[in-house]
Amino acid sequence: MRELFSLRPFRFLTVLVACLMLVVPPAAMAQEVPVPQPQTLIPSPPQLAASSWILLDADSGKVLVEHNADERLPPASLTKLMTAYLVERELDRGNITMDDMVEVSEKAWRTGGSKMFIEVGAQVSIRDLLYGIIIQSGNDASVAVAEHLAGGEEPFADLMNQHATRLGLSNTNFRNATGLPDDEHYSSARDMALLSRHIINDYPEHYATYAEKYFTYNDIRQPNRNRLLWRDASVDGLKTGHTEAAGYCLVASAKRDDMRLISVVMGTSSEEARAQETQKLLSFGFRYYETLKLYDRGSVLNTPRVWGGEINELRVGVDQDVVMTVPRARNEELTARLDIQGDLEAPIGQGQRVGTLEVRLGEEVVGEQPLVALEAVEEGGFFKKLIDQVQRFFSNLIDGWFD
């Protein structure tokens, strides 16, 4: 009798927990989440009169069109995108200011090619030099900032290459800050597009400079060589380039509604050709693709059960915007799937990965992003953890019955 009596509290607890299990949510499972839609038919991408080209979305990074995009080619003055990027980086880090003055060396003054016409010994502000690099494509300005930031053009080129590696520019090697010919100075359409994406996204406060049509220095007014700034109101950057070896090159970016595209065209036959071929790429991208923000950073996508914590449910979501670029004709095939760990246990730190968000276009996986804890969950007290252990046991037991 004593043994039977001693079991009664446990039987009571078992019945109580079994009842509780009726209202305890099962372990988190993979589930599909509905996502937006629309429609249109897509022709073959345009073929351009150029050596290489690429078109990508600035937000999602999706490549829409490419041809010989990894071929190593002389980038000419597209090089100055990296020169300007490093100036912007130093400004952002507070190492220099726009009003800092730079003394012009004889080497900078003597540098051939396109100029902003700075003079030997003159004091020129970082602001004017940056405008001279971006708008006037000044080789003299590029050398002046290289000397100011790194003590010389050669160490500055080494710095450029270090950042090229950091940014994943795998087919790029810089030998100077200007893009003047050198057999070991090369880049690719893809690398120039990736660099441009960083310019746009990393330092947006400086990006407006790339849309300026004119800049005047030393009473000399020069136009931006990007003809599309006059022809297409959606185009607001970035840089032209030309040498005999490189041909005529253009990196352009345009924004229409909430979609921003970056195009790179290298090795065309003229200024007019690079503008026309670029326009073909941009028109194709905007006409036949759409970029959708599926989820905002911090959005709560699920609240799975967490065991042994102060709270029973964990808010799970994404720690950055989820953006996808897809053909307009196939948006109705877009689905998202949450795959959350089945047995979450406290403690859980805020930002800790707890699963994966998978986005599919039909049967193709077009994107994956970590699912993270949007809040911290501390361990619960002794009795809370004890009750959760019992509930967890029966939860797993019941799940086993239905497997």
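Readers should treat all values here as calculations from the given coordinates under stated rules, not as data from a laboratory. These numbers come from a predicted model, not from an experiment. Using ideal geometry, Cβ is built from the backbone for each residue, glycine included, and neighbour counts are taken over all protein chains shown.
Here are a few things to note about the model shown:
- Which listed pairs, of Lys115/Lys255; Lys115/Lys239; Lys213/Lys239; Lys107/Lys213; Lys80/Lys115; Lys80/Lys280, have C-alpha distances above 22 Å, in listed order: Lys115/Lys255; Lys107/Lys213; Lys80/Lys280
- Loop sites in segment 162-224: trypsin sites (Lys or Arg not before Pro), DSSP, at most 11 other Cβ within 10 Å: Lys213
- Among the trypsin sites (Lys or Arg not before Pro) within segment 65-100, those in coil by DSSP and having at most 16 neighbouring Cβ atoms inside 10 Å are Arg72, Arg93.
- Cα-centred dipole magnitude for the chain, charges only on beta-carbon of K, R (+1) and D, E (-1), debye, nearest 20: 820
- Residue-averaged 222 nm ellipticity for the chain, from DSSP H runs of 4+ at -39500 (n - 2.57), nearest 500: -10000 deg cm²/dmol
- Helix axis angle, 271-288 relative to the chain longest principal axis, alpha carbon, degrees: 20
- Residue (of Ala76, Gly380, Val143) at the positive-pole extreme of the chain, dipole from beta-carbon charges: Gly380
- Dipole of the chain, positive direction: furthest Cα of Thr291, Phe174, Ser60, with charges on the beta-carbon: Thr291
- For segment 68-231, averaging the sequence separation of C-alpha pairs within contact (under 8 Å, six or more residues apart) and dividing by the residue count gives a relative contact order of 28 percent.
- Structure-derived volume of the Cα convex hull per residue in Å³ - corresponding label in [x] 172; [y] 182; [z] 122: [x]
- Sorted by Cβ neighbour density within 10 Å, fewest at the top, the residues Glu333, Glu147: Glu333, Glu147
- Cβ-placed point charges (K, R +1; D, E -1), dipole of segment 68-231 about Cα centre in debye, nearest 20: 680
- Per-residue Cβ neighbour counts within 10 Å put Val251, Val354, Val235 in the sequence Val354, Val235, Val251, beginning with the fewest.
- Sequence-separation-based contact order of the chain, relative, with Cα cut under 8 Å and 6+ spacing, percent: 19
- Whole-Å distance, taken between Cα centres, linking segment 169-187 and segment 80-115: 18
- Computed over the alpha-carbon atoms, segment 68-231 gives an Rg to Rh ratio of 0.94, Rh here being the Kirkwood radius from the mean inverse distance.
- About its Cα centre, segment 161-296 has a charge dipole of approximately 260 debye under the convention of +1 per Lys or Arg Cβ and -1 per Asp or Glu Cβ, with nothing else charged.
- Using only alpha carbons, segment 215-357 has a radius of gyration to Kirkwood radius ratio (Rg to Rh) of 1.22.
- Of all DSSP beta bridges in the chain, antiparallel share, percent nearest 5: 95
- In this structure the amide hydrogen of Gly367, modeled in the peptide plane, comes within under 5 Å of the amide hydrogens of Val359, none closer than 5 places in sequence on its chain.
- Rounded Å value of the spacing that divides the Cα centres of segment 283-335 and segment 219-273: 33
- Degrees between helix 189-202 axis and first principal axis of the chain (Cα, 0 to 90, nearest 10): 70
- In segment 68-231, a dipole from Cβ-located charges (positive for Lys and Arg, negative for Asp and Glu) runs towards its positive end, and of Ala164, Tyr210, Tyr131 it is Tyr210 whose Cα lies farthest in that direction.
- Under the combined filter of DSSP loop state and at most 11 neighbouring Cβ atoms within 10 Å, segment 176-242 retains these GluC sites (Glu not before Pro): Glu184.
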